[in-house]
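The structure appears right after this line, and notes come after that.
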Amino acid sequence: MRTVLALMDRNRKLFFKDKGMLFTSMITPVILIVLYATFLAKVFKDSFTAAIPDMITISDKLINGTVAAQLTASLMAVSCITVTFCVNLTMVQDKANGTRKDFNVAPVSKEKIYLGYFLSTVANSLMVNGLAFVLCLGYLLKMGWYMNAADVLWVLFDMILLVLFGSTLSSIISFPLTTQGQLSAVGTIVSAGYGFLCGAYMPISNFGPDLQKALSYLPSTYATSLIKNHMLHGVFREMERKNYPDEMVEAIRDTLDCNPVFHGNVVSINQMIGIMMGSIAVFGIIYYVVTLLLAGEGRR
């Protein structure tokens, strides 16, 4: 274990030493929150107000707080995944610059080498997304704060799950890559497409029924819904406190993807957590098997 921790510390230091990679990883969440607040706020606000009956009046603070919570939840759902691809660049860099040749002749098993890459990806991604979460909390304070301490802790738990999910996924995808250009291309594709697939850019409830059914098989759908549920929990609690109709609150939950459906059944929060843990376990096993069986001398 000491060897793994040493490799993890080495990869972590390389991440901080590479100012370009560090800056790119750190600035990505900032750019996302600016873009989300600038271009998606109106879309989310229109989607939210469409579920409110005309005879019911909701304060601007509650509306803005709801939109802000949805924006920040969507941002964190995307950032926790896409940042792992930036952070995982160390594994590809070692192949590109020949550093892995030194590892190949060292008395260190390839399993420990790749575990070191994975753990450093998790640690560095949590750091970057932790900064993003602080910015999100500041945005929520400005727009409308309805969270309590338990809500914040649940969101932190969700972030850990999403980072683990993103780290296992990015490790599998990055494993066969041998140049920084290849990883940059993959990162661009993931950054552009993941937000749509997970329902961050636009709620899945706005998609056609066939696409909704197809996306219900992806764990990313439940990852986004999970963090939305906890980020919006205070908002729904406030609506219930003000005795808004249950039908309206449920309609808003459906509109914001807080009630994902799989084969006609609403997936509960506990089931979403189970799906994420199961996905992390499956991807983790795949990553282990790939590094164990396919990491031949010609591919290192």
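Considering only the range 175-206, state which residues are in a loop (DSSP other than H, G, I, E, B), open to solvent by 40 Å² or more (accessible area, probe 1.4 Å) and either closer than 20 Å to Phe48 by Cβ or among the hydroxyl-bearing types (Ser, Thr, Tyr) (or both).
The first filter runs over the range 175-206 and keeps only residues in a loop (DSSP other than H, G, I, E, B), leaving 175-179, 198-203.
Right, trim to open to solvent by 40 Å² or more (accessible area, probe 1.4 Å) and you get 176, 178-179, 201-202.
Thr178, Thr179, Tyr201, Met202 - these are the residues of the range 175-206 that are in a loop (DSSP other than H, G, I, E, B), open to solvent by 40 Å² or more (accessible area, probe 1.4 Å) and either closer than 20 Å to Phe48 by Cβ or among the hydroxyl-bearing types (Ser, Thr, Tyr) (or both).
Quick check on this structure: which one of Phe157, Phe103 is open to solvent by less than 40 Å² (accessible area, probe 1.4 Å) and in a helix (DSSP H, G or I)?
Working: Phe157 fails: open to solvent by less than 40 Å² (accessible area, probe 1.4 Å).
Going through Phe157, Phe103 in turn, the sole match is Phe103.
Name the residues in the range 206-252 that are in contact with a Leu (Cβ under 8 Å, 6 or more places away or on another chain) and either aromatic (Phe, Trp, Tyr) or under 26 Å from Val163 (Cα atoms) (or both), would you?
Matches in the range 206-252: Phe207, Leu215, Leu218, Ser220, Thr221, Ala223, Leu226, Ile227, Lys228, Leu232, Val235.
So in the range 279-290, with the set limited to residues that are more than 17 Å from Leu215 (Cβ to Cβ) and in contact (Cβ under 8 Å) with a residue 40 or more places away in the chain, which one is surrounded by the most Cβ atoms within 10 Å (Cβ to Cβ)? If you could, list the steps in order and put the result at the bottom.
Restricting attention to the range 279-290, the residues satisfying the condition of being more than 17 Å from Leu215 (Cβ to Cβ) are 280-290.
Of the ones still in play, those that are also in contact (Cβ under 8 Å) with a residue 40 or more places away in the chain are 280, 283-284, 286-288, 290.
On the way: Ile280: 20, Phe283: 20, Gly284: 17, Ile286: 15, Tyr287: 23, Tyr288: 16, Val290: 16.
Looking at the filtered set, the residue picked out is Tyr287.
Looking for something open to solvent by 60 Å² or more (accessible area, probe 1.4 Å) and aromatic (Phe, Trp, Tyr) - is there at least one such residue anywhere in the range 262-273?
Checked the range 262-273: at least one residue is open to solvent by 60 Å² or more (accessible area, probe 1.4 Å) and aromatic (Phe, Trp, Tyr).
I need the full set of residues from the range 106-136 which are in a helix (DSSP H, G or I), without any contact (Cβ under 8 Å) to a residue 40 or more places away in the chain and among the hydrophobic types (A, V, I, L, M, F, W, C), in order please.
Start the filter on the range 106-136 by keeping residues that are in a helix (DSSP H, G or I), which leaves 110-136.
The next check asks that each one be without any contact (Cβ under 8 Å) to a residue 40 or more places away in the chain; those that pass are 126-127, 130, 134.
Leu126, Met127, Val134, listed by residue number.
May I ask you to list the residues in the range 98-139 that are touching a Lys or Arg at 6+ places or on another chain (Cβ under 9 Å), at pLDDT 75 or above and more than 18 Å from Leu164 (Cβ to Cβ)?
Hits for the range 98-139 are Lys110, Ile113.
Would you check if there is a residue in the range 18-32 being of a type in the set (D, E, K, R), assigned to a helix (DSSP H, G or I) and at pLDDT 80 or above? Even if it seems obvious, please write down each step before you answer.
To start, the set of residues in the range 18-32 that are of a type in the set (D, E, K, R) comprises 18-19.
In the following step, the residues that additionally are assigned to a helix (DSSP H, G or I) were identified as 19.
Filter once more, keeping what is at pLDDT 80 or above: none.
For the range 18-32, residues of a type in the set (D, E, K, R), assigned to a helix (DSSP H, G or I) and at pLDDT 80 or above: absent.
Can you find even one residue in the range 207-230 that is surrounded by fewer than 21 Cβ atoms within 10 Å (Cβ to Cβ), out of contact with any Ser or Thr (no Cβ under 7 Å at 6 or more places or on another chain) and in contact (Cβ under 8 Å) with a residue 60 or more places away in the chain?
No - not one qualifying residue is present in the range 207-230.
Among the numbered conditions (1) open to solvent by less than 40 Å² (accessible area, probe 1.4 Å); (2) over 24 Å from Leu75 (Cβ atoms); (3) outside any helix (DSSP H, G or I); (4) not hydroxyl-bearing (Ser, Thr, Tyr), tell me where Met248 comes up short.
Unmet condition: (3).
Looking at Asn88, Asn124, Asn64 in this structure, which one is open to solvent by 10 Å² or more (accessible area, probe 1.4 Å) and of a type outside the set (D, E, K, R)? Break it down stepwise before answering.
On the way: Asn88 fails: open to solvent by 10 Å² or more (accessible area, probe 1.4 Å); Asn124 fails: open to solvent by 10 Å² or more (accessible area, probe 1.4 Å).
Sole residue among the options that is open to solvent by 10 Å² or more (accessible area, probe 1.4 Å) and of a type outside the set (D, E, K, R): Asn64.
The values are calculated or read from the model by the stated rules, or taken from the named source; none is laboratory data. Computed from a predicted model, the values in this text were never measured in an experiment. So basically every Cβ, Gly included, is an ideal-geometry build from the backbone, and we count neighbours across all protein chains shown. The protein model used for the area step is the full one, side chains on, heavy atoms only, and it has no ligands, DNA or RNA in it. Shrake-Rupley method; radii C 1.70, N 1.55, O 1.52, S 1.80 Å.
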